[in-house]
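For reference, the structure is listed below as structure tokens.
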Amino acid sequence: MGKPDIIIVDDQPSACKEVTSFLKDSYTVHSFKSGSDALEYLSDNTADLILMDYGMPDMTGFETLMAIRQNQSTNKIPVVFLTAETNERMRHEMMNRGANDYLCKPINSVELRQCIKKHLEGG
């Protein structure tokens, strides 16, 4: 069995690079700079988990999440927001809209790995 597939969606190349460096030894990582790019990839491929920025220019993280949740082939994929948003109301909104979890930027590699492990193991 191969490594689990993780998708990173973030319009900041440095963020994608950083998260990829944390995960590449244990996971197959695909990064996309926009929600529409990720959705295009998911139309022909699958993923075990999606890490997604909230604030992106073409589609927000919420818009991308809604598209993922409305598609029969992707609606069960765990989605974890990576966000600089510290507003409690916004975090509550993320969870209400179908996010499985969120982590605040800057990303802590230990927290990130623990979060991924929890969601991949169904916990």
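Every read-out reported here was derived from the displayed coordinates using simple, explicitly stated rules and does not represent laboratory data. Please read these numbers as outputs of a predicted model, since none were measured by experiment. Here Cβ is always computed from backbone atoms with ideal geometry, including for glycine, and neighbour counts include all displayed protein chains.
Side notes on the structure shown:
- Once C-alpha pairs closer than 8 Å and six or more residues apart are averaged by separation and normalised to the residue number of the chain, the relative contact order reads 22 percent.
- Taking all pairs of distinct alpha-carbon atoms in the chain, Kirkwood radius in angstrom: 14.2 Å
- Net length gained if the chain between LEU120 and ILE107 were fully extended (0.36 nm per residue, minus Cα distance): 2.8 nm
- When each of LYS33/LYS118; LYS24/LYS105; LYS3/LYS118 is checked by Cα-Cα distance, pairs over 23 Å: LYS33/LYS118
- Over the chain, DSSP H runs of length four or greater, each weighted -39,500 (n - 2.57), average out per residue to a 222 nm ellipticity of -12000 deg cm²/dmol.
- Counted charge near LYS118, where neighbours are those whose Cβ lies closer than 15 Å (Asp, Glu -1; Lys, Arg +1): -2
- Descending by average beta-carbon neighbour count within 10 Å, the peptides 79-88, 106-115 line up as 79-88, 106-115, the highest first.
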